Amino acid sequence: MSSRFTFSMSTINFMNSRIQTQRFTNNTMTDNTINQQVKILFRNKDFLVVDKPYDIRIDGDTSKAPTVSSLLYAQDPTLPTPLRNVHQLDHATSGCYCLALSKKAAGIASVAFAKRKVEKTYSAIVRGWMSQDNYIIDQQIAQVPNNRYRMCIGTPENPGKSAKTQLEVIRRGYFYPTSSSLPSGSPIKVTLINLYPITGRRHQLRLHCQYLGHPIVGDWHYESQIMEYTDTFRMMLHACKLRIPLNIIQDIKFGSADNMNENVKNDNLEDLNELDVVSEDPFPGLVYECVKDET
């Protein structure tokens, strides 16, 4: 059975242009952005792990838009100052984001990241149907000269730094590129994937997907370089799981699925053995299965 939709193309085009404007040109703060709640996944005296919303910076200037840090301080003014970053998430990426609440905790976590002991899992929707089920991408990442916003695959003239990603296909299907779950014209072929970065270069996952010819849906920087940009409500990249081994405990595992707001754990770090939270992938409901049309 095929679904029928009644939305006109003029309505869809308006919705898409409005969302595009909101994502990239409208920097005015609203009550919704100022009062936005950031889900807390884990907290103790040393660490705070939150589910970062998409299209929001983790810190910095707040004159035009709030940041994760400013929203957290609005939610809980008793949080220590500063909140220490131990890793980075891009503005457009959502999901697990860890902050250290003490200098000692920041040092331990930073060493784990520097030594590549941290295990990270991302979910993404990419353009097209990938031909293989598994990939290992080993391509260096470099800064684009005279452009602080973009990175590129390394070249002999601009080699950059080593970068390696493991990719696993979850399923192939179709995506309707709209500003919501409403269908808009013809769907596009997409692949739902999991990404496991072995290194942690800036824009690594986005560039490695582009390198394979399958850029992430809604990636303004890198999708539009090789094909028509998918004008949709967000970039489809989400940090599902973060596992950080620490010297003073066995390890800690974080995921962005379980809502721990109602029962935030405040165990002493020394008493923790392991925290393992399984992520709820936000994207499967947006990828429709490949099925034959019934006549």
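The values are calculated or read from the model by the stated rules, or taken from the named source; none is laboratory data. Remember, it's a predicted structure, so these values are computed and weren't measured experimentally. Heads up, the Cβs are rebuilt from the backbone with ideal geometry, glycines too, and the neighbour counts pull from every protein chain shown. All accessible areas refer to the heavy atoms of the entire protein, side chains included, with ligands and DNA or RNA removed. Shrake-Rupley method; radii C 1.70, N 1.55, O 1.52, S 1.80 Å.
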Query raised in the report: Between Q166 and D138, what length comes free when the chain is fully extended (0.36 nm per residue of separation minus the Cα-Cα distance, one decimal in nm)?
Result: 9.2 nm
**Report entry** Extended-chain gain in nm, criterion 0.36 nm per residue less alpha-carbon gap, R116 and D61
**Finding:** 16.8 nm
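What does the C-alpha gyration tensor say about the overall shape of segment 78-127? Classify as rounded when a/c is under 1.5, otherwise prolate if a/b is larger than b/c, or oblate. Could the numbers behind the result be given before it?
Values: a/c = 3.33, a/b = 1.55, b/c = 2.15.
It is oblate, given that a/c is not under 1.5 and a/b is not larger than b/c.
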**Report entry** segment 27-160 shape via C-alpha gyration tensor axes, a/c threshold 1.5
**Finding:** prolate
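Cα-Cα over 18 Å: which of K164/K189; K120/K189; K45/K104; K52/K120? Please report the intermediate quantities before stating the final value.
Details: K164/K189 26 Å; K120/K189 26 Å; K45/K104 11 Å; K52/K120 15 Å.
Among K164/K189; K120/K189; K45/K104; K52/K120, the Cα-Cα distance tops 18 Å for K164/K189; K120/K189.
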Report summary line: Taking the reciprocal of mean 1/r across every pair of different Cα atoms in segment 86-238, the Kirkwood radius in Å is 16.5 Å
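Share of segment 99-247's accessible area from carbon and sulfur, percent, 1.4 Å?
Values: 3240 of 6670 Å².
On segment 99-247, the fraction of accessible area on carbon and sulfur atoms equals 49 percent.
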Query raised in the report: Label points 7 Å out from Cα along the Cβ direction at Q37 and D76: separation in nm?
Result: 1.4 nm
Query raised in the report: List the GluC sites (Glu not before Pro) in segment 79-182 that DSSP assigns to loop (not H, G, I, E or B) and whose Cβ has at most 14 other Cβ atoms within 10 Å. Which are they?
Result: E157
